[in-house]
Amino acid sequence: MGFMDDSVLCSNKVRLMPNATLYHFGILTSNVHMAWMRAVCGRLKSDYDYSIKIVYNNFPWPTPRDAQRAKIEQTSQAILDARTLYPDASLADLYDETTMPPELRKAHQQNDKAVMMAYGFWGKLNSEPACVSELMKMYQQIVSQ
């Protein structure tokens, strides 16, 4: 997932979120959103097929306090800053599980914590299935209203 300015053009193979903020980037790159994506996303062979209608539109966003939102923006920027330390590396290079730069790993861990705190999950959930279960409960509340 990238965070680009409005000078970037993309093809129909890419999902684009116009006017996205660092807050949006932080939520969408978090372990919470990735858990949701893995649970509800379709697949093409073994690859995920991210659907706006199924994955994004149904994702239950948190309702953070101002301080939590600011923290997510800060940790999102830290992810982007860590990526810039490796200008010649592709996202595939940066996110190789065995060679991921420690600064990037730490930035993601801090972002994950900030997002989980915004959901009220931090310190309460310790597995991906538990996270997905809570998100499904939130989704059920949203659709029942």
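A few comments on the model shown:
- Each residue in the stretch 63-104 was checked for being surrounded by 11 or more Cβ atoms within 10 Å (Cβ to Cβ) and assigned to a helix (DSSP H, G or I), and 20 of them qualify.
- Test: M1 is loosely packed, with under 15 Cβ neighbours inside 10 Å, hydrophobic (A, V, I, L, M, F, W, C) and closer than 21 Å to V115 by Cα: yes
- The residues of the stretch 17-45 that are of a type in the set (A, V, I, L, M) and either closer than 19 Å to E134 by Cβ or under 14 Å from the mean Cα position of the chain (by Cα) (or both), listed by number, are M17, A20, L22, I27, L28, V32, M34, A35, M37, A39, V40.
- Residue within the stretch 105-127 that is part of a loop (DSSP other than H, G, I, E, B), buried (at least 16 other Cβ atoms within 10 Å of the Cβ) and touching a residue at least 40 places away in the same chain (Cβ under 8 Å) present: yes
- Within the stretch 4-49, considering residues that are within 24 Å of A114 (Cα to Cα) and of a type in the set (S, T, Y), the one surrounded by the fewest Cβ atoms within 10 Å (Cβ to Cβ): T21
- Residue count for the stretch 1-53, restricted to those that are assigned to a loop (DSSP other than H, G, I, E, B) and either touching an Asp or Glu at 6+ places or on another chain (Cβ under 8 Å) or not hydroxyl-bearing (S, T, Y) (or both): 22
- Taking the stretch 99-115 as the range and being among the β-branched types (V, I, T) and at pLDDT 95 or above as the test, only V115 passes.
- Of all the criteria given as (1) over 13 Å from V32 (Cβ atoms); (2) surrounded by 18 or more Cβ atoms within 10 Å (Cβ to Cβ); (3) charged (D, E, K, R), the one not satisfied by K137 is (2).
The values are calculated or read from the model by the stated rules, or taken from the named source; none is laboratory data. This structure is a prediction, so every number in the text was calculated from the model and none was measured. Methodologically, a virtual Cβ is constructed for each residue, glycine included, from the backbone with ideal geometry; neighbour enumeration extends over all protein chains shown.
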